[in-house]
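Participant: One structure follows; several queries about it will come next.
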Amino acid sequence: MAILVFNRWSVEGIIVQDLGLKGYINLEPRIVPMTGGKSAKFRFHKSNVFIVERFINRIMNSGHRAKKHEISSYHITGKGLTAYGIMEKTLALMEQKTNENPISVLVKAVENAAPREEIVTIEYGGAKYPKAVEVAPQRRIDQAVKNMVQNSYQKAFNSRKSMVACLTDEIINAYQKSGLSGAISKKLELERQSDSSR
C-alpha cells in the first residue's frame, strides 16, 4: 500500500524537471512529515528531508528580514504543531484552487523560484567588487523556500488575510511563474544583478 502525505496526497508520478535539483528535492512520502531533526547531525542532511517537512521547518523559523523577527513572531513562535497545521491547510487549499496534486504544484513552485545565480562581494586592493557566482543546489532550494515563506508572513502580518491564504497564493503564483510571487521577483532581481556584474 502506498504511503500518502498527511494520509491524503500521493507523490507517485511527480518528477523533478530541473536536473540540478533532482538529487536535492526529497519526495519520499511521510504520513506525518516531522522527523524531529534525526538527520541534522549529518552533512547535507537537508537532502534527506522530505520537501514538505522543509517547508514546515521554515514556517517555524522564517529567518531574519532586516534583522527583525516581528513579522513572523505574530503568527508563530516555533510551535511545530501550528506549522504542521498551516502546511496541511495550505496543501488542501492549493488542491481546491488548482484541481491538481498540491505536492506536484509545490515541487514545481520550488523549481521555478530557485535562483541560479547570485552576487558575492570580493575585496581586492581595498576596493570591493560584486561578482556573479552560481548557487549551489542545496542553497537554491533553501532560498526558494525561505523567500516564499517570508513573503507570505509579510503579506499576512497586520492583515485580514490568513497565513494559510497568503502561503497558498505565494506557492500558486510561483508555480505559474507570476510576477505576483515575491520569490519569483526576488529570483529575477538576483539574476539581473548578477548578470550586470559578470
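Participant: Among 133, 145, 164, 120, which is in a helix (DSSP H, G or I) and either over 19 Å from residue 24 (Cα atoms) or free of Cβ contacts under 8 Å to residues at least 60 places away in the same chain (or both)?
Facilitator: Every option except 164 fails the conditions.
Rundown of residues vs (1) closer than 21 Å to residue 63 by Cβ; (2) buried (at least 17 other Cβ atoms within 10 Å of the Cβ), yes/no style:
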{"position": "107", "(1), (2)": "no, yes"}
{"position": "118", "(1), (2)": "yes, yes"}
{"position": "125", "(1), (2)": "no, no"}
{"position": "128", "(1), (2)": "no, no"}
{"position": "150", "(1), (2)": "yes, yes"}
{"position": "156", "(1), (2)": "yes, yes"}
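Participant: What is the residue count in the stretch 122-156 for residues that are basic (Lys, Arg) and within 23 Å of the chain's Cα centre (by Cα)?
Facilitator: Summing the residues that are basic (Lys, Arg) and within 23 Å of the chain's Cα centre (by Cα) in the stretch 122-156 gives 4.
Participant: Please verify whether residue 115 is modelled with pLDDT of 90 or more, under 23 Å from residue 64 (Cβ atoms) and outside any helix (DSSP H, G or I), treating the condition exactly as stated.
Facilitator: yes
Participant: If you don't mind, another one. Out of the residues in the stretch 4-44 that are under 17 Å from the mean Cα position of the chain (by Cα) and of a type in the set (Gly, Ala, Ser), state the one that is nearest to residue 84 (Cα to Cα).
Facilitator: 23
Participant: Also, quick follow-up: State yes or no: is residue 50 modelled with pLDDT under 85 and of a type in the set (Phe, Trp, Tyr)?
Facilitator: So residue 50 does not fit the description; no.
Participant: Looking for something of a type in the set (S, T, N, Q) and buried (at least 23 other Cβ atoms within 10 Å of the Cβ) - is there at least one such residue anywhere in the stretch 171-191?
Facilitator: Within the stretch 171-191, one or more residues are of a type in the set (S, T, N, Q) and buried (at least 23 other Cβ atoms within 10 Å of the Cβ).
Participant: List every residue pair whose Cβ atoms sit under 8 Å apart, with the two residues 6 or more apart in sequence or on different chains, where the first one lies in the stretch 19-41 and is crowded, with 17+ Cβ neighbours inside 10 Å and the second, anywhere, is polar (S, T, N, Q) and assigned to a loop (DSSP other than H, G, I, E, B).
Facilitator: 29/10
Participant: Tell me which residues, restricted to the stretch 6-60, are assigned to a loop (DSSP other than H, G, I, E, B), polar (S, T, N, Q) and within 22 Å of residue 101 (Cα to Cα).
Facilitator: 7, 10, 17, listed by residue number.
Participant: Give the stretch 118-151 a look and list any residue that's modelled with pLDDT of 90 or more and either on the phi > 0 side of the Ramachandran plot or of a type in the set (D, E, K, R) (or both), or say none.
Facilitator: Residues satisfying the conditions are 134, 139, 140, 142, 146.
The values are calculated or read from the model by the stated rules, or taken from the named source; none is laboratory data. Only a predicted model underlies this, so the values are computations on that prediction, with no experimental measurement involved. Please note: Cβ atoms are built from the backbone with ideal geometry, for glycine as well, and neighbour counts cover all protein chains shown.
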